[in-house]
Every structure is written in C-alpha cells, then in structure tokens.
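J.: Below you will find the structure I want to go over with you.
Where a number appears in this text, it was derived from the coordinates with a stated rule and is not lab data. Computed from a predicted model, the values in this text were never measured in an experiment. Quick reminder, even Gly has a Cβ in these numbers, built from the backbone with ideal geometry, and neighbours come from all protein chains shown.
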Amino acid sequence: MASVRVELPISASPDHVWDVIRDVGAVHERLLPGRVVGTRIDNGRRFLTFPDGNVVEELIVAVDDEARRFAYAVVAGARPPLEHHHASFEVNPDGTLVWTADFLPDTAAGEVRIRMERGLAEMAAAIEEAARPTP
C-alpha cells in the first residue's frame, strides 16, 4: 500500500486552521472554494461535487477535536480510480497542516502526490485569506 504525506505551514492560528478542517460540510465555502462547488453530508458520508460534475463520496471516519485530526476514506468517485483510500488531516500546534493518504494501487503514488501537493497549496491559500483581518 502506498502512503503519501504532505505538510505545509499555514499563516493562521492553529485554532483557525482546525476550525476550517473540522467544518466538514463547508469544503466548498471554506477549504477549497472554486475547486469544490458543493458539499453534502448524509448519514456519515460526505459528497464533494467538483466543477466538472464529478462527485467524490467519502466516509467520515473521525473528527477528533483534541488531536485536531480529521480522518476519512474515499469510497467512490476518486480520480484516478483507487482500490482503497484512507486519509487524514492533522493540525500541528505550530499551525502546520499535515495531509496523509494511504491507498492502492501503489502505481498511483506519483499522481496522488502531485494532487495532494497542489490541493494543500490551494487549501493554505483559502485558510490564510479567511484568517486575514478585514480593514
């Protein structure tokens, strides 16, 4: 099983970063606006709709406020298609956002890493923008 871990310091308080990550129903508004156009929660599952109409279905595994950790598994709609996918976000005490994914097949590791690195950069930009004081 392949594993990819990416991390990025976020220029926002760890509390703010965690507040955005734990808001699992507002991905389209707070975490990836524009990249995700709709988020729906239904019976412990999260459905993310992308601009091209693709819908990714995720099982919400855990939202742990004490550890500042959100874990999920993609169960349908992954691109590239994956046989297995489990991932988590963690917010470190210094505000670094860590995204770890374990998945099959191993051959998807290169593409998954690129998507995670780009995605994390987009998330950081959205989180930092929202954390800036308004004039």
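J.: Among the residues of the range 10-30 satisfying the criterion of being touching a residue at least 24 places away in the same chain (Cβ under 8 Å) and touching a Ser or Thr at 6+ places or on another chain (Cβ under 9 Å), which is nearest to residue 72 (Cα to Cα)?
T.: Looking at residues that are touching a residue at least 24 places away in the same chain (Cβ under 8 Å) and touching a Ser or Thr at 6+ places or on another chain (Cβ under 9 Å), I get 24.
J.: Is the range 74-93 home to any residue that is in contact with a His (Cβ under 9 Å, 6 or more places away or on another chain) and within 28 Å of residue 11 (Cβ to Cβ)?
T.: no
Okay, residues lined up against (1) of a type in the set (A, V, I, L, M, F, W, C); (2) touching a strand residue (DSSP E or B) at 6+ places or on another chain (Cβ under 8 Å); (3) closer than 14 Å to residue 119 by Cβ:
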{"residue": "5", "(1), (2), (3)": "no, yes, yes"}
{"residue": "11", "(1), (2), (3)": "no, no, no"}
{"residue": "15", "(1), (2), (3)": "no, no, no"}
{"residue": "21", "(1), (2), (3)": "yes, yes, yes"}
{"residue": "26", "(1), (2), (3)": "yes, yes, no"}
{"residue": "35", "(1), (2), (3)": "no, no, yes"}
{"residue": "42", "(1), (2), (3)": "no, no, no"}
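J.: State all residues of the range 119-135 that are surrounded by 10 or more Cβ atoms within 10 Å (Cβ to Cβ) and either in contact (Cβ under 8 Å) with a residue 60 or more places away in the chain or over 14 Å from residue 34 (Cβ atoms) (or both); if no residue qualifies, say none.
T.: Scanning the range 119-135 gives 119, 120, 121, 122, 123, 124, 126, 127, 128, 130, 131.
J.: Same structure again: Tell me which residues, restricted to the range 79-135, are among the polar types (S, T, N, Q) and touching a strand residue (DSSP E or B) at 6+ places or on another chain (Cβ under 9 Å).
T.: Passing the criteria: 88, 92, 96, 100, 107.
J.: Restricted to the range 51-76, and to residues that are surrounded by 16 or more Cβ atoms within 10 Å (Cβ to Cβ) and among the charged types (D, E, K, R), which residue is nearest to residue 94 (Cα to Cα)?
T.: 68
J.: Considering only residues of the range 81-110 that are hydroxyl-bearing (Ser, Thr, Tyr) and farther than 20 Å from residue 56 by Cα, which is nearest to the chain's Cα centre (by Cα)?
T.: Ranking the candidates gives 96 first.
Let's see how each residue does on (1) more than 12 Å from the chain's Cα centre (by Cα); (2) polar (S, T, N, Q); (3) at negative phi; (4) surrounded by 14 or more Cβ atoms within 10 Å (Cβ to Cβ):
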residue: 3; (1), (2), (3), (4): yes, yes, yes, no
residue: 6; (1), (2), (3), (4): no, no, yes, yes
residue: 21; (1), (2), (3), (4): no, no, yes, yes
residue: 28; (1), (2), (3), (4): no, no, yes, yes
residue: 32; (1), (2), (3), (4): no, no, yes, yes
residue: 39; (1), (2), (3), (4): yes, yes, yes, yes
residue: 46; (1), (2), (3), (4): no, no, yes, yes
residue: 49; (1), (2), (3), (4): yes, yes, yes, yes
